[in-house]
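The values are calculated or read from the model by the stated rules, or taken from the named source; none is laboratory data. Bear in mind the structure is a predicted one, so any value in this text is a computation, not a measurement. Because the Cβ atoms are built from the backbone with ideal geometry, glycine has one as well, and the counts that use them run over all protein chains shown.
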């Protein structure tokens, strides 16, 4: 088993500063149609940790009468944030589908406020990446927490140039 | 207000009619991703649908639906199905949600069926299964815990 106790910086991570990761993950969420169309922003990256911001729009509501955000928006946001943490938490970016995700809803998310997501990789093994994420609208008042596990498909199942494409360096392929 | 979730009479009427479409009207994000419900032709209850919109794509290489959108679809289905099959008109609020991804969800129509495993006085447990081509090859299963809110007559 080539397991590691703590997520570490590998070759592809070591050469990147937080700002280039922010640019790379911004490119990642702007290539995904769903997060691009919702205007999701990557605010800060410090591998294996990310912070994102989903700007407010009325379509995020799940109950127009009570002015509450749709719980599914929060699940989608946690999946995206945890998945982005995975990309920057591996020695080199790999394609890692979500195996499962669990979301606890601490308090309702309300209309009119942006939703922020923080996520980090907790542990990397040869086959899995374990993550956790938190959402809030006002600092210190978590609206939801998620725990997501991602499967490592490995370098063999990751398209050549995947990591380079993330950083906009794919032209030599 | 004479319509909507805060209007007790409206909620009672739509509950009695089984008018899930009226509830969906008031869920903007569910409409944004394209959720609908139709009667199950081969049984009782409803089958829920998620439209294969470009907006719902989460992986352009495969391509595949965004796992979070599939989750939002299943949470919507589970919540609406609980409101429909609850003994009385109730307003559920989600407590926690868990989803297992079983197969890649392609950009084709996705369906879901729900089972209300328990409806207590305060809490409900709903199981949701989603599939695409064949119901015996699910793309995901999900589980919801919801608190059943009491209706306040003066809330309207």
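Here are the numbers for this structure:
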item	result
Odd one out for residue B:122, checked against (1) over 16 Å from the mean Cα position of the chain (by Cα); (2) crowded, with 16+ Cβ neighbours inside 10 Å	(2)
Yes/no for residue B:50 being surrounded by fewer than 24 Cβ atoms within 10 Å (Cβ to Cβ) and either more than 17 Å from residue A:38 (Cβ to Cβ) or more than 7 Å from every other protein chain (Cβ to nearest Cβ) (or both)	no
Selected residue (only one of A:110, A:95, A:124, A:147 is in contact (Cβ under 8 Å) with a residue 24 or more places away in the chain and in contact with a strand residue (DSSP E or B) (Cβ under 6 Å, 6 or more places away or on another chain))	A:147
Residue check, residue B:104 surrounded by fewer than 24 Cβ atoms within 10 Å (Cβ to Cβ), assigned to a loop (DSSP other than H, G, I, E, B) and modelled with pLDDT of 95 or more	yes
Enumeration of residues in the range B:4-21 that are surrounded by fewer than 19 Cβ atoms within 10 Å (Cβ to Cβ), within 14 Å of chain A (Cβ to nearest Cβ) and either over 19 Å from residue A:70 (Cα atoms) or at pLDDT 95 or above (or both)	B:7, B:8, B:9
Any chance residue A:99 is more than 9 Å from chain B (Cβ to nearest Cβ), within 29 Å of residue B:128 (Cα to Cα) and at pLDDT 95 or above	no
Failed criterion for residue A:46 (all others in (1) surrounded by fewer than 16 Cβ atoms within 10 Å (Cβ to Cβ); (2) over 17 Å from residue A:89 (Cβ atoms); (3) modelled with pLDDT of 95 or more hold)	(2)
Candidates A:101, A:87, filtered to the one that is touching a helix residue (DSSP H, G or I) at 6+ places or on another chain (Cβ under 7 Å), buried (at least 21 other Cβ atoms within 10 Å of the Cβ) and touching a residue at least 60 places away in the same chain (Cβ under 8 Å)	A:87
Residues of the range A:57-74 satisfying the condition of being more than 7 Å from chain B (Cβ to nearest Cβ) and in a helix (DSSP H, G or I)	A:74
Out of B:123, B:116, B:62, B:82, sole residue that is in contact (Cβ under 8 Å) with a residue 24 or more places away in the chain and within 10 Å of chain A (Cβ to nearest Cβ)	B:62
Test for residue A:79: is it part of a helix (DSSP H, G or I) and either surrounded by 18 or more Cβ atoms within 10 Å (Cβ to Cβ) or at the interface with chain B (Cβ under 8 Å from one of its Cβ atoms) (or both)	yes
Residue list for the range B:14-59, filter: in contact (Cβ under 8 Å) with a residue 40 or more places away in the chain, assigned to a loop (DSSP other than H, G, I, E, B) and in contact with a helix residue (DSSP H, G or I) (Cβ under 9 Å, 6 or more places away or on another chain)	B:18, B:27, B:45, B:51
Considering residues of the range B:65-79 that are touching a helix residue (DSSP H, G or I) at 6+ places or on another chain (Cβ under 7 Å) and within 30 Å of residue B:8 (Cβ to Cβ) only, the residue nearest to the other protein chains (Cβ to nearest Cβ)	B:72
So residue A:163, is it touching a helix residue (DSSP H, G or I) at 6+ places or on another chain (Cβ under 8 Å), within 26 Å of residue A:64 (Cβ to Cβ), buried (at least 20 other Cβ atoms within 10 Å of the Cβ) and in contact (Cβ under 8 Å) with a residue 60 or more places away in the chain	no
Subset of the range A:129-141 (residues that are surrounded by fewer than 16 Cβ atoms within 10 Å (Cβ to Cβ) and part of a strand (DSSP E or B))	A:138, A:141
Per-region count, the range B:85-101, residues touching a strand residue (DSSP E or B) at 6+ places or on another chain (Cβ under 9 Å), more than 9 Å from chain A (Cβ to nearest Cβ) and closer than 20 Å to residue A:68 by Cα	2
Filter result for residue A:41 (surrounded by fewer than 23 Cβ atoms within 10 Å (Cβ to Cβ), in contact with a strand residue (DSSP E or B) (Cβ under 9 Å, 6 or more places away or on another chain) and either modelled with pLDDT of 95 or more or at the interface with chain B (Cβ under 8 Å from one of its Cβ atoms) (or both))	yes
